[in-house]
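Any read-out appearing in this document is the output of simple, stated calculations on the displayed coordinates, not a laboratory observation. Since the structure is predicted, the reported quantities are computational estimates derived from the model, not experimental observations. Glycine gets a Cβ as well: all are built from the backbone with ideal geometry, and neighbour counts include every protein chain shown.
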Amino acid sequence: MNAGKTLFARVMEFVPWKTFSRIVARRNGGLGTRTLTAAEMFRILAFSQLTWRESLRDIEACLAANASKLFHMGLRSAPARSTLADALNDRGWRIYHALAMRLIARARVLYADQRVLDHIDDAVYALDSATIDLCLSLLGRAPFRTTKAVIKLHTLLDLRGAIPSLIHISSGKMHDVRVLGMLPAEAGSIYVMDRGYIDYKRLYALHQASAFFVTRA
């Protein structure tokens, strides 16, 4: 029987918990918290992502099935669905956004010298979007059709380590090409995109910033 740390506990050791505590304190993330702390909520969200949980019921059942391991995962007990739902509604997303930005900055330093291609020293970015279907009755602010709601996740990926450099969430009706105006263009960098991003005025702005782009004709 393995008496060492669980794999999840080892992954969580890479999280800068002191930095996270300062972020929570700065944004008053601990005020009024009686059940799940911001740190416990992060651990649950990370566990759910790594184990491909698909719903609050799925998360609750999976954590309950691993009750003997929860202490080593940094959790006091398996939370109920209602507790998870309340925490998701009440916790400020900016806490986790600030932590993500710290982790991304740290990762980019680690991969700064990695080459995407042997003969290219400059940074290479991939730009694309993904459409995510949502429940219209719960998210009426993101209507797409009369029967469903949709958001678009626009992502600029640094291919040195597959690290997101830009993430923008929009309604499903926003055209992909508008994201070109949001890009933090870096001189000498190469931006790879599909035909949905062909707009000569916006592409010329990339050229003026001394950046390069690759797309389909």
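Tabulated values for the structure
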{"read-out": "Structure-based [θ]222 nm, the chain - -39500 (n - 2.57) summed over DSSP H runs of at least 4, per residue, nearest 500", "value": "-10500 deg cm²/dmol"}
{"read-out": "Calculated from backbone phi, Karplus (6.51, -1.76, 1.60) coupling profile of region 54-61 in Hz, x at Gly/Pro", "value": "10, 7, 4, 5, 5, 5, 4, 5"}
{"read-out": "The chain, dipole about Cα centre (Lys/Arg Cβ +1, Asp/Glu Cβ -1), debye to the nearest 20", "value": "740"}
{"read-out": "Residue (of Ala185, Ala149, Leu159) at the positive-pole extreme of the chain, dipole from beta-carbon charges", "value": "Ala149"}
{"read-out": "Bins of 10 Å, starting at 0 and running to the largest distance - Cα pair percent for the chain", "value": "7, 24, 29, 25, 13, 2, 0"}
{"read-out": "Gaussian network model of the chain, springs between alpha carbon atoms under 10 Å - residue of Ser48, Ser170, Ser68 with greatest fluctuation", "value": "Ser68"}
{"read-out": "Degrees between helix 17-26 axis and first principal axis of the chain (Cα, 0 to 90, nearest 10)", "value": "90"}
{"read-out": "Ranked packing of 35-42, 78-85, most packed first, by mean Cβ within 10 Å", "value": "35-42, 78-85"}
{"read-out": "Cα long-axis angle, helix 93-110 against the chain (0 to 90 degrees, to the nearest 10)", "value": "60"}
{"read-out": "Loop chymotrypsin sites (Phe, Trp or Tyr not before Pro), region 45-89, which have at most 11 other Cβ atoms in a 10 Å radius of their Cβ (DSSP)", "value": "Trp52"}
{"read-out": "Highest-MSF residue in the chain out of Ile163, Ile198, Ile132 [GNM, Cα springs under 10 Å]", "value": "Ile132"}
